[in-house]
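Report on one structure; see the data block that follows.
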Amino acid sequence: MRGTPRKVSLPRRLIFDLMHASIRVPFVSLSRPLNVRPLLEARDGTANPAGWAAIFVKAFALIAKDEPILRTLYAKWPWPTFYELPKSVALVAIARTEDGEECVLPQRISGPDALPLAEIDALIRHAKDAPIMDVPMFRKIMLATRLPLPLRRLSWLIGLNFGRQRANYFGSFSVTSVAAFGGGELHAISPGPFILSYGVVRSDQCIDVLIRWDHRITDAAPIARVLTRLEQVLNTEIAAELRGTRQSAEPKAIRAVGT
């Protein structure tokens, strides 16, 4: 059958490189529904609430602040070792349409546990709407993806296998979801070490959350505890920040002063 050859675009070439880098990562997964009723109540009362991606980015980073294993990478050079980072670095999968083609690009957010939710949300929205070359992370990625294949493979090897460079380019955890398109359990792959994905809010006020992780880093029991802690953080720290945002946005009553 005679078809039409089409050139591989730069965003698709990026996915080729990402999948090649992820082939040998020994991922395992754990999923659980989290009851987020207090979070939903706080979010519903906010005029312009932060998106779910920003919420999960900050919640996971808050847990990682007290759990060094969630800030740990596996690096091979100069010899196999675990590399613990002083702070979390998130990569958020951003769905975009470029030149009529749907694609996904990663936005980097450094130290999200110390950032306001509104700032994290603004970074994600900017990455979704701004021209590619106006987003620093996208600009770097596109420049690297233009390299010939041997140079790309070399740059990925260096970026993945030295702990410091891996943190700079690949972060300590990723957040991805298809909730905006109807949901579903997404088993994404990446070089790791942690990938968090979430579904749509269910009628019982629960949301399905899945964590995939590099089994070389940790085992299932700590991740089960992380999911328990994640539910707590969403309903306490994150909900409290949303309520605080709502209260600060409410106009203060003006008291008349007689003369």
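Tell me which residues, restricted to segment 13-34, are touching an Asp or Glu at 6+ places or on another chain (Cβ under 9 Å), surrounded by fewer than 14 Cβ atoms within 10 Å (Cβ to Cβ) and not in a loop (DSSP other than H, G, I, E, B).
V28
Report the residue count in segment 211-243 for those that are over 16 Å from K58 (Cα atoms) and surrounded by fewer than 20 Cβ atoms within 10 Å (Cβ to Cβ). Give the steps one after another, and end with the answer.
Here is the first cut: in segment 211-243, the ones over 16 Å from K58 (Cα atoms) are 212-225.
Now narrow it down to the ones that are surrounded by fewer than 20 Cβ atoms within 10 Å (Cβ to Cβ): 214-222, 224-225.
The number of residues fulfilling the criteria is 11.
Taking segment 125-146 as the search range and keeping residues that are surrounded by fewer than 13 Cβ atoms within 10 Å (Cβ to Cβ) and hydrophobic (A, V, I, L, M, F, W, C), which one is farthest from I94 (Cα to Cα)?
L143
Check K58 against each of (1) in a helix (DSSP H, G or I); (2) more than 14 Å from the chain's Cα centre (by Cα) and name the one condition it does not meet.
The one condition K58 does not meet is (2).
Checking the condition closer than 21 Å to V25 by Cβ and touching a Lys or Arg at 6+ places or on another chain (Cβ under 8 Å), which residue from L115, L70, L91 passes?
Working: L115 fails: closer than 21 Å to V25 by Cβ; L70 fails: touching a Lys or Arg at 6+ places or on another chain (Cβ under 8 Å).
The unique qualifying residue is L91.
Scanning segment 162-182 for residues that are crowded, with 16+ Cβ neighbours inside 10 Å and aliphatic (A, V, I, L, M), which turns out modelled with the lowest pLDDT?
Start the filter on segment 162-182 by keeping residues that are crowded, with 16+ Cβ neighbours inside 10 Å, which leaves 162-163, 166-167, 169-179.
Checking the rest, the ones that are also aliphatic (A, V, I, L, M) come to 167, 175, 178-179.
Values: A167: 80, V175: 97, V178: 92, A179: 89.
Looking at residues that are crowded, with 16+ Cβ neighbours inside 10 Å and aliphatic (A, V, I, L, M), I get A167.
Residues of segment 160-176 being of a type in the set (G, A, S) and either part of a helix (DSSP H, G or I) or over 14 Å from the mean Cα position of the chain (by Cα) (or both), which ones?
So in segment 160-176, the residues of a type in the set (G, A, S) come out as 163, 167, 171-172, 174.
Correct list: G163, A167.
If you take the residues of segment 116-130 that are more than 13 Å from W52 (Cα to Cα) and of a type in the set (G, A, S), which of them is farthest from the chain's Cα centre (by Cα)?
It comes out as A130.
Which of the residues spanning segment 197-234 are more than 29 Å from Y83 (Cβ to Cβ), over 16 Å from the mean Cα position of the chain (by Cα) and among the small types (G, A, S)?
Once the filter is applied, which keeps residues that are more than 29 Å from Y83 (Cβ to Cβ), over 16 Å from the mean Cα position of the chain (by Cα) and among the small types (G, A, S), segment 197-234 yields only S203.
Any idea which of (1) at pLDDT 95 or above; (2) crowded, with 18+ Cβ neighbours inside 10 Å is the one R37 doesn't satisfy?
(2)
Given segment 75-124, what strands (runs of 3 or more DSSP E) lie entirely inside it while holding 1 or more residues that are among the small types (G, A, S) and surrounded by 19 or more Cβ atoms within 10 Å (Cβ to Cβ)? Step through it out loud before you land on a result.
Values: elements: 81-84, 89-98, 101-110.
The qualifying strands (runs of 3 or more DSSP E) are 89-98.
Here are the criteria: (1) surrounded by fewer than 17 Cβ atoms within 10 Å (Cβ to Cβ); (2) part of a helix (DSSP H, G or I). Tell me which single one E185 does not satisfy.
Unmet condition: (2).
Of the residues E84, E102, E119, which single one is in contact with a Ser or Thr (Cβ under 6 Å, 6 or more places away or on another chain) and free of Cβ contacts under 8 Å to residues at least 60 places away in the same chain?
Values: E102 fails: in contact with a Ser or Thr (Cβ under 6 Å, 6 or more places away or on another chain); E119 fails: in contact with a Ser or Thr (Cβ under 6 Å, 6 or more places away or on another chain).
From the options E84, E102, E119, the qualifying one is E84.
The values are calculated or read from the model by the stated rules, or taken from the named source; none is laboratory data. Owing to the predicted nature of the structure, the values given are computational and were not obtained by experimental measurement. Here Cβ is always computed from backbone atoms with ideal geometry, including for glycine, and neighbour counts include all displayed protein chains.
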